[in-house]
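Worksheet: one structure, shown below.
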Amino acid sequence: MLFNDPTVWLPVVFAGLMGATILIYVILDGFDLGIGMLTPLVGEADRDKMIASIGPFWDANETWLVLAVGLLLVAFPAAHGTILTALYLPVGVMLVGLILRGVAFEFRVKAPAPNKPLWDWAFFGGSLMTALSQGFMLGLYIMGLEWSFATIAFAGLTALCTAAGYAFIGACWLIIKAEGGLQVRAVLWAKRGLAGVLIGFIGISAATPLVSERIFAKWFSVPEIILLAPLPITAVLVTGLLAWTLTHLPDETDRFRHVPFIGASILFTLAFFGLAYSFYPYVVPEQLTLYEAASAPESLMIILVGVIFVMPMIAAYSVLAYVVFRGKVRELRYD
């Protein structure tokens, strides 16, 4: 029986937990990175509102990244070493970006007026560095973690599209939180960002089956192609709904302000499941499967007990923050 053998089900459970953690991080920190990249497009008053819209959430959002990397380290140590060794440079850029962004976020609030623009640019630069490095890592992962001119070029494209995707979901978040002229601008940014998301989806969808005969067979064999079909069909329908909704926003009642963010989250989720379906059972593309990279079952069982307590606590903290600070954005103050 499958469930009687912990060497079979425990790696799958941890892969699911790690995947869920990464997806939550991409959606939550994606929108606040997007807000950071959009800040140079407005004046100081609107910039303060944009940053205030993510003030209560951004540090909680980044907690999911720490949890994902922690799960990879303890549950799949062999994969952790292989992946981080191959991605050492972009990981370093991402960490610098995250630090720069966090420091700028805190300092800009109390900085003297002449120094505030410097911290604003640091916040923008840190957000952009983080988004581009994450997109670069995604592209190189799809290319099997190989460094060559072609794989670097593809990773560069995914870096740009990831930044556009984050800007898109950031604009969708701002449609919920902003009012007046800033909300109108957010709708315009979301329309433009949707185009970048589509380019990214098409590029990744075209490249992924070409990097592996195994993935090509999973996409285009029968009955696998039938199992995979709901993902692109749903993505097309959601994209159409998003485009239609954005042409009718902002509306007088503001009733449909949540639709773009929900639609963007669904698109990100569909893309995630498409990648997970393509690469399963490998955690390092075409090199290490979940079962080869997993820790001993005894270790995984102990770690699972800890995760059962920690993960709901992080989720509860995040939900509480979003409930308490729901509604339109107000001034961010530390006094």
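Data for the structure
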quantity	calculated
Residues that are open to solvent by less than 40 Å² (accessible area, probe 1.4 Å), within 15 Å of L304 (Cα to Cα) and of a type in the set (V, I, T), drawn from the stretch 7-34	T21
Conditions (1) open to solvent by 30 Å² or more (accessible area, probe 1.4 Å); (2) touching a Leu at 6+ places or on another chain (Cβ under 7 Å); (3) among the aromatic types (F, W, Y); number of the one not met by Y166	(1)
Top-ranked residue in the stretch 290-306 [being open to solvent by 60 Å² or more (accessible area, probe 1.4 Å) and not β-branched (V, I, T); ranked as nearest to D59 (Cα to Cα)]	M301
Meets criteria (open to solvent by 20 Å² or more (accessible area, probe 1.4 Å), among the hydroxyl-bearing types (S, T, Y), over 21 Å from E44 (Cα atoms) and touching a residue at least 60 places away in the same chain (Cβ under 8 Å)) for Y141	yes
Single match in F256, F261 (criterion: surrounded by 13 or more Cβ atoms within 10 Å (Cβ to Cβ) and either touching a residue at least 60 places away in the same chain (Cβ under 8 Å) or in contact with a Lys or Arg (Cβ under 8 Å, 6 or more places away or on another chain) (or both))	F261
H248 being out of contact with any helix residue (DSSP H, G or I) (no Cβ under 8 Å at 6 or more places or on another chain) and of a type outside the set (A, V, I, L, M)	yes
Given (1) at pLDDT below 90; (2) touching a Ser or Thr at 6+ places or on another chain (Cβ under 9 Å); (3) within 22 Å of H258 (Cβ to Cβ); (4) not hydroxyl-bearing (S, T, Y), index of the condition K191 fails	(1)
Positions within the stretch 169-197 being part of a loop (DSSP other than H, G, I, E, B) and either touching a Phe, Trp or Tyr at 6+ places or on another chain (Cβ under 6 Å) or surrounded by fewer than 22 Cβ atoms within 10 Å (Cβ to Cβ) (or both), in sequence order	E179
Options K116, K177: the member that is of a type in the set (D, E, K, R) and more than 25 Å from I266 (Cα to Cα)	K116
Residue satisfying all of: in the stretch 144-163; in contact with a Ser or Thr (Cβ under 8 Å, 6 or more places away or on another chain) and not in a helix (DSSP H, G or I); surrounded by the most Cβ atoms within 10 Å (Cβ to Cβ) among these	L145
Subset of the stretch 78-122 that is open to solvent by 60 Å² or more (accessible area, probe 1.4 Å) and touching a residue at least 40 places away in the same chain (Cβ under 8 Å) - its residue that is farthest from D29 (Cα to Cα)	K110
Residue in the stretch 267-280 that is modelled with pLDDT of 90 or more and over 20 Å from G30 (Cβ atoms) present	no
Residue selected from the stretch 202-247 under the condition in contact (Cβ under 8 Å) with a residue 60 or more places away in the chain and either open to solvent by 70 Å² or more (accessible area, probe 1.4 Å) or β-branched (V, I, T) (or both), by the criterion farthest from F272 (Cα to Cα)	V211
Criterion violated by T130 - all others in (1) open to solvent by 30 Å² or more (accessible area, probe 1.4 Å); (2) hydroxyl-bearing (S, T, Y); (3) under 17 Å from A159 (Cβ atoms); (4) touching a residue at least 40 places away in the same chain (Cβ under 8 Å) satisfied	(1)
Selection within the stretch 106-141 - in contact with a helix residue (DSSP H, G or I) (Cβ under 6 Å, 6 or more places away or on another chain), of a type in the set (A, V, I, L, M, F, W, C) and modelled with pLDDT under 90	F107, A111
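This table checks each residue for (1) in contact with a strand residue (DSSP E or B) (Cβ under 8 Å, 6 or more places away or on another chain); (2) small (G, A, S); (3) open to solvent by 40 Å² or more (accessible area, probe 1.4 Å).
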{"position": "Y280", "(1), (2), (3)": "no, no, yes"}
{"position": "V284", "(1), (2), (3)": "no, no, no"}
{"position": "L288", "(1), (2), (3)": "yes, no, no"}
{"position": "I308", "(1), (2), (3)": "no, no, yes"}
{"position": "A321", "(1), (2), (3)": "no, yes, no"}
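The values are calculated or read from the model by the stated rules, or taken from the named source; none is laboratory data. Please read all numbers here as calculations on a predicted model, not as lab measurements. A quick note on method: Cβ atoms are made from the backbone with ideal geometry, for glycine too, and the neighbour counts reach across all protein chains shown. Only protein heavy atoms, including side chains, enter the accessible area calculation; ligands, DNA and RNA are left aside. Shrake-Rupley method; radii C 1.70, N 1.55, O 1.52, S 1.80 Å.
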